[in-house]
Amino acid sequence: MDLKFRTWWRPARKAGEPHDDRTVSFLELFYDLVYVVLVAELAHALAEHLDLKHILQFAFLFSIVWWSWLNGTTYHEYHGNNDIRTRILTFAQMFAVAGMAVFAHNAMGEGSFGFGLFYGIFQLILSYMWWRLAAHDPEHHKENRGFTIFFSLSTALFFISLLFPAPIRFYIWGVAVVLSLLQPLLQFMILPTVASQVNRGHLNISHALIERFGLFNILVLAEIIVGVVSGLSYQKEMTQTAFITGGLGLCIAFAMWWLYFDFVSHRKPIENRNTQGIWMYMHLFVSMSIVATGAIILYVVKHVGDGLEPTQRWALVGAVVVFLLSLFVLMRCVQLPKVIIPASRTASLIVLVVAVLIGALGLTSLTIAPLLAVIVVLMLFPVMYAVVFWVTVMSGGNN
């Protein structure tokens, strides 16, 4: 009886067990979907108030959301099983994320208590999971203990923040978020054995984890599509300008997909602890910039006849530039066959130059349709080179 029970309720998988040949499960895809709802709420809130204050609030809240997704994802990658225990703990996280989504639209206002409460619950679940892992994986006890301490401290700060009004509550959130984002660096400094474990390959980034990052970016790219469709459906009368603006917005989404999935996706980062860390954190800015682009396009398509203020122009230009600069860094972090490294280096420089040129558009007085048109034309240059790169890979450069 106990043997049968253990078949369905297994202890967490040890970090050193092989897992590089596994594929992404339906449970993981289901897990990601609940984040789509949460991200959509943040995007729609930004689209309603496109000013500097709300842009900064969006960046702060998205960092919280992305960090929660990253931790739930990486725990499942290194320690999850196909059993009832893993499913129940995953569903518990999804309940908490759904609760965050309910209050995300006004998370820095009247919804801050609910958002903070459910994020604290999410952190509490992760803290429990890391604490239990120490018993199942004694070989990596120090590593697990470190994660438990950091998660517990961040969890406590979020629950403590509920006792204070704004803006003190948000300052406490800020401390907790900074502590969380710096967690890997601090842990490597405090616990040298953790760094040595990473260097020995126990926590190498697997193909399945790389696929999860790519799938998440596909899901957030949908926010640009939603922005175009929602903005056009808002129009009482479909004008030529609105239709062109929406079409150009779609072209930006297509270009982002093309560049990321040709140059970065499905490629392992260089096997170096610092490079792997940079690779992982750059995905925060890639995903954030994609969602921000979707929110901004929703705003400009919805208000296509209202003109374009400097803040809104800089917001659109800035979101695309952040995406391209993050892509440039990621292109320098991935492993490539020697024969295509020169082509990849050239492509990354083209991406960098295009980012600079698009950034300069913020200094112009272009209206929305011409601005989007110039951005699309500039992004076509790295896209065209991506075609050359893809042909090079397909013709034998990937061997």
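Throughout, read-outs are computed from the coordinates displayed, never taken from laboratory work. The shown structure was predicted, so the numbers you read here are calculated from the model rather than taken from an experiment. We place every Cβ from the backbone using ideal geometry, glycine too, and count neighbours over all the protein chains shown.
Per-structure values
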{"quantity": "Highest average packing first - 369-378, 248-257, Cβ atoms within 10 Å", "calculated": "248-257, 369-378"}
{"quantity": "Net charge of Cβ neighbours under 13 Å - reference Arg345; Lys, Arg +1; Asp, Glu -1", "calculated": "+2"}
{"quantity": "Local electrostatic count at Trp390 - Lys and Arg +1, Asp and Glu -1, tallied over other residues with Cβ under 14 Å", "calculated": "0"}
{"quantity": "5 angstrom amide H check on Val334, placed H, neighbours 5+ away", "calculated": "Ile270"}
{"quantity": "Surrounding net charge for Ile290, when Lys and Arg each add one and Asp and Glu each subtract one, Cβ distance under 15 Å", "calculated": "-2"}
{"quantity": "Region 207-394: equivalent-ellipsoid semi-axes (sqrt of 5 x gyration tensor eigenvalues, Cα, Å)", "calculated": "31, 16, 14"}
{"quantity": "Relative contact order for region 207-394, counting Cα pairs under 8 Å that sit 6 or more residues apart, in percent", "calculated": "30 percent"}
